[in-house]
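The values are calculated or read from the model by the stated rules, or taken from the named source; none is laboratory data. Here the structure is a predicted model, which means the values were calculated and not measured. Note that we place each Cβ from the backbone using ideal geometry, even for glycine, and neighbour counts take in every protein chain shown.
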Amino acid sequence: MTETQLAPQYVKYTFFTVDPLWRGLSESEKKRSKEEFSALVASSNLLIRAYSLMGMRSDAELLLWLVSPDLEGINKFATLAMNTRLGQYLTVSHSYLAMTRRSTYIDEHSHENGESRTRIRPMGRKYLFVYPFVKTHAWYQLSLEERQRMMNEHFKVGHLYPEVKVHTTYSFGLDDQEFVLGFETDDPSRFLDLVMELRSAEQRPYTEKDTPIFTCLLGTIEEVLDSIG
């Protein structure tokens, strides 16, 4: 089966804060709640990655990155998660829903790893940087040829940073943003350099929004839950 024939995947980035009351529970109560939540993640058929944001932001402490073949899978997991003991103390602070699809610009451009953005394949790198992305209306009024030319420059810069793996997903009609971007790397300084270099790219003025940006640290679900309390 070719990439274009593969069914799209649904992708959900859910950021949580934890009610301080949970940290005031006894150690045995917290342990039971973490074990229950970890068991739910382990038993799920979805692709799930957990990240800690403790010390990174004031409005998010935990990220669950979910990949599902359908929306029902994401809906079911969210329902089960929020009905656990720990779930009763969790608040969703940010939520981004998207899908995979073949890039409009990929046909005239070859990625080194053959990326066509129809499959999410987490690399397991230590850090994940996530942000929603919106282009200006003026961008879509340009011809496809003009947009392709500017995106080729964008891709060329990206190839200078092979240590940074991008996951581009699409939210048109599904959520408030147009795209959700996730960048995996073991070296945050390389991601910083990449973002700084792209600030001077020709297509930059056509960016309407690319915040908030979340810095996330990968761990097992047990490690991530231990980090929050």
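Under the condition of being over 22 Å from the mean Cα position of the chain (by Cα) and either of a type outside the set (Phe, Trp, Tyr) or at pLDDT below 95 (or both), the residues counted in the stretch 124-143 number 5.
Looking only at residues in the stretch 74-108 that are among the small types (Gly, Ala, Ser) and within 20 Å of the chain's Cα centre (by Cα), which one is farthest from LEU144 (Cα to Cα)? Result: ALA81. Among residues of the stretch 136-162 being in a helix (DSSP H, G or I) and polar (S, T, N, Q), the one that is surrounded by the most Cβ atoms within 10 Å (Cβ to Cβ) is GLN148.
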